[in-house]
Amino acid sequence: MEFKISREFIAQIEQLISENRAQELETLLQDIHFADIAEIMEELDDNEASFIFKALDSEKTAEILLELDEEVREKILRSLSAKEIAEELDELDTDDAADIIAELPQSKKEEVISELEDVEHAKDIVELLRYDEDTAGGLMGKELVKVNENWNVLTCVKEMRQQAEHVTRVHSIYVVDDEDRLKGRLSLKDLLTTSTKTPISDVYIKKVDYVKVDTPDVEVARIMQKYDLEAIPVVDEMGRLVGRITIDDIIDVIKEEADQDYQLAAGISQDVEADDSILELTRARLPWLVLALLGGFISVKVLGIFEPAMESHKALFFFTPLIAAMGGNVGVQSSAIIVQGLANNAITGSIVQRLLKELSLSLLNGLILSVILFVGSYFLLGYEIHIGITVTIALLSVIIIASLNGTFIPIILNKYGIDPALATGPFITTSNDILGILIYFSIAKIILGF
């Protein structure tokens, strides 16, 4: 059951801290999950959070560090010495330890690494720091269980027992050759049901999914999601097994990618959070708002061109927001579906096929909506029939164009390596507003003859 943090519980913790009762605080928190403790620390001020951190043992605080908000974690790390940070990192897997060290200033990194007690652990962390954080190498951990293809089952079991002491969770057993090149994987069931003298080469599974150290993290996430993997091995340029990526790391990648796409679709150009400073939030939001404003200027200019039409047919003015809104909504719907399909690698066929399908869909939706609009404008609102015909044809045209626009743009952006999420939100809405008004009054000019 999820632990609920109440105001009363926070007050109790604050009282223990103010009275410097560290032992009682540790007892109070001993059965609470480290993720919940991280949330509690984020509710407190810096000094109170540091007090909790120093009151608990390293085995628990190391996990808490990973769950803390980046800003809180940075403050905690600043309050610790290089030796204290090293003690925390000795409790973590190499990938998590490398992530923490990467956040430190360069001078502090070197101090912390020199304070690590386990030399092999330190070497593995330093190796991981060489890789770009957005690649498989930056995601992977060095902890894994591997066996040699030339061993027999009995030797494997002995070696696996030793290796498993340093691995938190054993997801897979990997098989390598004498050069450490990945050859396959070993089923635990086969290992348990096979004679101890049987060579591993006779029982291991040669087919194994893997990624290279330079594979982008989003591609790793796609592969693991597609094949429903809990872990995936990572190999270097020579095909040698150098690490593994587990599902908990991939969940973080998927969440981060989804957050970025959502913010980009909403017209936020940088990765921000609600608690960021006003200046940071302004920098993230302002560029797209400026674009929307410029688009508004263009819309005003287009309306100015057709001012005589609105003077002679005032009813056209009242339908302008409707036409613009429908174009924006249809464009966002189309682009959102395409962006989602691109993210899931579910877009198949050529661009022409995709556009033809979208054309059929928009034609069907447009016809239904146009009939509703015609009935509403003529019978309910009492406008003249030629006005109803004008706005009906304009709506159908705008829906078709906006739908094709929302489909075509993200596909083209993706083809040229630009995040297709850019196509949703303000970009599509603004462009379709302008197109919608232009199409609307152009059709009105043709039908009404002004």
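The values are calculated or read from the model by the stated rules, or taken from the named source; none is laboratory data. In this text, all values refer to a predicted model and were calculated from it rather than measured experimentally. A quick note on method: Cβ atoms are made from the backbone with ideal geometry, for glycine too, and the neighbour counts reach across all protein chains shown. For accessibility, only protein heavy atoms count, side chains too; no ligands or nucleic acids. Shrake-Rupley method; radii C 1.70, N 1.55, O 1.52, S 1.80 Å.
Structure above, values below:
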read-out: Accessible area expressed per residue, the chain, with surrounding protein chains retained (probe 1.4 Å, Å²); value: 56 Å²
read-out: Bins of 5 Å from zero: percent of alpha-carbon pairs in segment 120-219; value: 2, 12, 20, 21, 20, 12, 8, 4, 1
read-out: Cα gyration tensor shape of segment 187-253, rounded if a/c is under 1.5, else prolate or oblate by comparing a/b with b/c; value: prolate
read-out: Length gained when the stretch Ile254-Met238 is fully extended (0.36 nm per residue, less Cα-Cα span); value: 2.9 nm
read-out: Angle between the chain longest axis and helix 106-115 axis [Cα atoms, degrees, rounded to 10]; value: 30 degrees
read-out: About the Cα centre, charge dipole magnitude for segment 292-450 (Lys/Arg +1, Asp/Glu -1 at Cβ), debye; value: 240 debye
read-out: Listed residues Leu448, Ile232, Leu25: farthest to the positive end of the dipole of the chain (Cβ charges); value: Leu448
read-out: Cα-based reach from Lys197 at 22 Å (exclusive), listing lysines while leaving out same-chain residues under 8 positions away; value: Lys146, Lys158, Lys183, Lys189, Lys206
read-out: Cα-based shape type of segment 89-175, given that a ≥ b ≥ c are square roots of the gyration tensor eigenvalues and the cut on a/c is 1.5; value: prolate
read-out: Highest to lowest packing among 91-103, 57-69, scored as the average C-beta count within 10 Å; value: 91-103, 57-69
read-out: For the chain, size of Cβ-based charge dipole, Lys and Arg +1, Asp and Glu -1, in debye; value: 3400 debye
read-out: Helix axis angle, 217-226 relative to the chain longest principal axis, alpha carbon, degrees; value: 90 degrees
read-out: Among Ile64, Ser403, Val371 the positive-end extreme of the charge dipole of the chain (Cβ point charges); value: Val371
read-out: All-pairs Cα distance distribution in the chain, expressed in whole percent, bin size 20 Å; value: 19, 37, 29, 14, 1
read-out: Accessible-area composition of segment 10-136, carbon plus sulfur, in percent [1.4 Å probe]; value: 40 percent
read-out: Phe306 accessible area, assembled protein chains, probe 1.4 Å, Å²; value: 20 Å²
read-out: Segment 1-112: relative contact order in percent, alpha carbon pairs under 8 Å with at least 6 residues between; value: 22 percent
read-out: Relative frequency of Cα-Cα separations exceeding 17 Å in segment 293-424, percent; value: 63 percent
read-out: Span per principal axis, largest first, for the Cα atoms of segment 42-126 (Å); value: 36, 24, 19
read-out: Filter on Lys109/Lys142; Lys142/Lys226; Lys54/Lys123 - keep pairs with C-alpha separation over 22 Å; value: Lys142/Lys226; Lys54/Lys123
read-out: Leading residue at positive end of dipole, segment 69-220 (Cβ point charges), from Tyr174, Ile205, Ala98; value: Ile205
read-out: Length gained when the stretch Val218-Asp132 is fully extended (0.36 nm per residue, less Cα-Cα span); value: 29.6 nm
read-out: Using distinct alpha-carbon pairs, which all enter the 1/r mean, Kirkwood radius of segment 283-338 in Å; value: 13.3 Å
read-out: Computed magnitude of the charge dipole of segment 1-143 (debye, nearest 20; Cβ of K, R +1, Cβ of D, E -1); value: 360 debye
read-out: Value at 222 nm in deg cm²/dmol, rounded to 500, when DSSP H runs of n ≥ 4 in the chain each add -39,500 (n - 2.57); value: -20500 deg cm²/dmol
read-out: Overall form of segment 368-448 per C-alpha gyration tensor (a/c, 1.5; a/b vs b/c); value: prolate
read-out: Gained length - Lys357 relative to Val170, 0.36 nm times residue gap less alpha-carbon distance; value: 62.7 nm
read-out: Value of relative contact order over the chain, rounded to a whole percent, pairs C-alpha under 8 Å and six or more apart; value: 11 percent
read-out: Degrees between helix 58-67 axis and first principal axis of the chain (Cα, 0 to 90, nearest 10); value: 10 degrees
read-out: Quotient of Cα Rg and 2.2 N^0.38 Å for segment 1-81, N being how many residues it contains; value: 0.99
